[in-house]
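Structure record follows, encoded as structure tokens.
The values are calculated or read from the model by the stated rules, or taken from the named source; none is laboratory data. Quick caveat, the model's predicted, so the values are computed rather than measured. Reconstructed Cβ throughout: ideal geometry from the backbone, glycine too, with neighbour counts over all protein chains shown.
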């Protein structure tokens with residue numbers, strides 16, 4: 001009886017050890033989009049945040065949509081008066097993509113921010129995007145200073161962020 005109990009324990013322990021053995025895996029973790037030499041500070045958060053909220057295009061569009069709060073902070077000595085933003089999202093259709101790739105089927109919606117952002121200040125806008133299952137990233141494509149010159153995204157200088165995935169469900 002004692003030997004059969006010992007045999008059972010050894011058999012169970014062997015199964016446990018085998019189950020914990022490392023297995024080969026094809027899981028790939030990819031960092032979100034990175035800005036390169038961005039002259040302003042850009043951040044985004046899904047469905048929440050603090051500060052003054054300005055709704056783009058009269059607020060919630062109705063139907064299936066998601067919102068993202070986009071914060072643009074101006075650390076430069078000049079005033080920004082206008083910015084162009086692209087919000088990238090994933091459509092509802094099922095699909096399978098290699099890790100790190102983009103699909104031509106991704107939803108991209110442009111938004112125009114007409115707002116005066118003084119040196120050291122920030123602007124927060126709530127942006128709604130239609131017909132998406134998720135928002136993947138936010139891209140600042142250009143902005144204009146009050147004295148005339150404009151900045152445009154390039155290979156050497158671009159501003160792109162993935163939204164913070166923490167969703168606040170209450171303001172209390």
- prompt: Based on what the data block shows, is residue 106 under 15 Å from residue 159 (Cβ atoms) and at pLDDT below 95?
  reply: no
field: Selected residue (only one of 95, 115, 82, 78 is more than 13 Å from residue 44 (Cα to Cα), modelled with pLDDT under 95 and either in contact with a strand residue (DSSP E or B) (Cβ under 7 Å, 6 or more places away or on another chain) or not in a loop (DSSP other than H, G, I, E, B) (or both))
entry: 115
- request: Filter segment 124-149 for residues that are surrounded by 13 or more Cβ atoms within 10 Å (Cβ to Cβ) and more than 28 Å from residue 92 (Cα to Cα) and give the result.
  value: 142, 143, 144, 145, 146
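Taking segment 131-167 only, how many residues are in a strand (DSSP E or B) and under 16 Å from the mean Cα position of the chain (by Cα)?
We begin by selecting, within segment 131-167, every residue in a strand (DSSP E or B); these are 134-145, 150-152, 158-161, 164.
Adding the requirement that they be under 16 Å from the mean Cα position of the chain (by Cα) leaves 134-141, 158-161, 164.
Counting residues in segment 131-167 that are in a strand (DSSP E or B) and under 16 Å from the mean Cα position of the chain (by Cα) gives 13.
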- request: Determine whether segment 35-58 contains at least one residue that is over 21 Å from residue 164 (Cα atoms) and either in a loop (DSSP other than H, G, I, E, B) or at pLDDT 95 or above (or both).
  value: no
